[in-house]
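To start, the structure itself, in structure tokens.
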Amino acid sequence: MTYEEFWHPLQTLYETGEAKAIARTVLEVCFNLTMTDILCGKVTQLSANDQNKLKEILQRLLTGEPVQYVLGEADFGGISFHVEPGVLIPRPETYELCQWVLEESEKWKEEKRNTSFLDIGTGSGCIAITLALGIPEAHMTAWDISDKALQIAAENAKRTNVNVSFEKVDVLNTPLLYREGLGVSLDIIVSNPPYILNKERAGMERNVLAFEPHQALFVPDDDPLLFYRAITHYAAKALKPDGKLFFEINPLCVEEMKVMLQQEGFRHTEIKEDQFGKQRFTKSWL
């Protein structure tokens, strides 16, 4: 199989540029081929076993399976995270959220203050681990309801050599959260909870709908702030007086978010746009 024979069929699912990018990623990650190698025709020089492996990969990709699941890894801010079906693939926008949190934490680093962070709905662990890498001295806790996600997140923490305490917690179990919130003093709570409305499904890519966990993606159309409300309830009790609550949000629900946060006692909220100009993040404080 040639490079062209590998990426050409992918055009049935992806635009040409993306099809080529996926092909290059596979050849680099699985076979250590650089772009120079590819241009020199070294794809055709792969062993028979590797050629068979490449054909198997192509067949999986043609089903619409995301390349990150096929490879078992996803890049997030330059760090490779293990991912597989059952855990959400990290997005570049979420890395922007991490950067905003780290900027906020700089003042505490300068003060040499012991900081405590909580990541709610950790998934692959990408947020908690990125923050732990940026602030190694901080105490980092991460919650998720999925055993699979917690297992993968713990593996990723071990791979990146950071210390994160992973806990199975149902954020919608508000009585439990209220009990746990009493006496807790956190500097930062950060979350990228499910926020896609069911009515948005029609405009989504097939590979996302068919392969990524719906539990981590969707909320009911009639209660889009389901997870945000529960987290905000908890944060109002658990944050220190100067603590901050960070969210990744659905741009369709910005106004509702601001009202809900204020109703829950967060008098100040700052909205930040993502790299695509969409209102994607909030920072709130009491």
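The values are calculated or read from the model by the stated rules, or taken from the named source; none is laboratory data. The shown structure was predicted, so the numbers you read here are calculated from the model rather than taken from an experiment. Using ideal geometry, Cβ is built from the backbone for each residue, glycine included, and neighbour counts are taken over all protein chains shown. For the accessible areas, the whole protein counts, side chains as well, though only heavy atoms, and no ligand, DNA or RNA atoms are used. Shrake-Rupley method; radii C 1.70, N 1.55, O 1.52, S 1.80 Å.
With respect to (1) in a strand (DSSP E or B); (2) of a type in the set (D, E, K, R); (3) under 30 Å from Leu62 (Cα atoms), the lone exception for Glu270 is condition (3). Scanning segment 240-256 turns up at least one residue that is at negative phi, part of a loop (DSSP other than H, G, I, E, B), aliphatic (A, V, I, L, M) and open to solvent by less than 30 Å² (accessible area, probe 1.4 Å). Against the criterion of being crowded, with 19+ Cβ neighbours inside 10 Å and out of contact with any Ser or Thr (no Cβ under 6 Å at 6 or more places or on another chain), Ser80 does not qualify.
Screening Arg280 on (1) touching a residue at least 60 places away in the same chain (Cβ under 8 Å); (2) within 20 Å of the chain's Cα centre (by Cα); (3) open to solvent by less than 10 Å² (accessible area, probe 1.4 Å) shows it passes everything except condition (3).
Yes/no matrix, rows are residues, columns are (1) under 28 Å from Gly77 (Cβ atoms); (2) loosely packed, with under 13 Cβ neighbours inside 10 Å; (3) at pLDDT 95 or above:
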{"site": "Leu197", "(1), (2), (3)": "yes, no, no"}
{"site": "His214", "(1), (2), (3)": "yes, yes, no"}
{"site": "Ala236", "(1), (2), (3)": "no, no, no"}
{"site": "His268", "(1), (2), (3)": "yes, yes, yes"}
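Of the residues that make up segment 245-264, is at least one over 14 Å from Pro193 (Cα atoms), of a type in the set (Asp, Glu) and under 20 Å from the mean Cα position of the chain (by Cα)?
As a first pass, look at segment 245-264 and keep what is over 14 Å from Pro193 (Cα atoms): 252, 254-256, 258-264.
Narrowing the set further to residues that are of a type in the set (Asp, Glu) leaves 255-256, 264.
Subset that is under 20 Å from the mean Cα position of the chain (by Cα): none.
No, segment 245-264 has no match at all.
Restricted to segment 132-166, and to residues that are in a helix (DSSP H, G or I), within 23 Å of Ala230 (Cα to Cα) and of a type in the set (A, V, I, L, M), which residue is most open to solvent (accessible area, probe 1.4 Å)?
Taking segment 132-166 and keeping what is in a helix (DSSP H, G or I), we get 132-134, 147-160.
Of the ones still in play, those that are also within 23 Å of Ala230 (Cα to Cα) are 147-150, 153.
Keeping just the survivors that are of a type in the set (A, V, I, L, M) gives 149-150, 153.
Details: Ala149: 4, Leu150: 23, Ala153: 0 Å².
Result: Leu150.
The one condition from (1) closer than 24 Å to Pro92 by Cα; (2) out of contact with any Gly (no Cβ under 8 Å at 6 or more places or on another chain); (3) outside any helix (DSSP H, G or I); (4) not aliphatic (A, V, I, L, M) that Pro193 does not meet is (2). Considering segment 15-61, the residues that are without any contact (Cβ under 8 Å) to a residue 12 or more places away in the chain and charged (D, E, K, R) include one that is least open to solvent (accessible area, probe 1.4 Å), namely Asp37.
Counting only residues that are open to solvent by 20 Å² or more (accessible area, probe 1.4 Å) and not in a loop (DSSP other than H, G, I, E, B), which one in segment 216-234 is farthest from Thr141 (Cα to Cα)? Explain how you work it out, then say what you get.
Initially, segment 216-234 is screened for residues open to solvent by 20 Å² or more (accessible area, probe 1.4 Å), giving 216, 218, 220-224, 226-227, 229, 233.
The next check asks that each one be not in a loop (DSSP other than H, G, I, E, B); those that pass are 216, 218, 226-227, 229, 233.
Numbers: Ala216: 19, Phe218: 24, Leu226: 22, Phe227: 18, Arg229: 20, His233: 18 Å.
Ranking the candidates gives Phe218 first.
Scanning segment 204-236 for residues that are closer than 10 Å to Pro194 by Cβ and touching an Asp or Glu at 6+ places or on another chain (Cβ under 8 Å) yields a count of 1. The residue of segment 95-116 that is surrounded by the fewest Cβ atoms within 10 Å (Cβ to Cβ), among those that are in contact with an Asp or Glu (Cβ under 6 Å, 6 or more places away or on another chain) and part of a helix (DSSP H, G or I), is Glu96.
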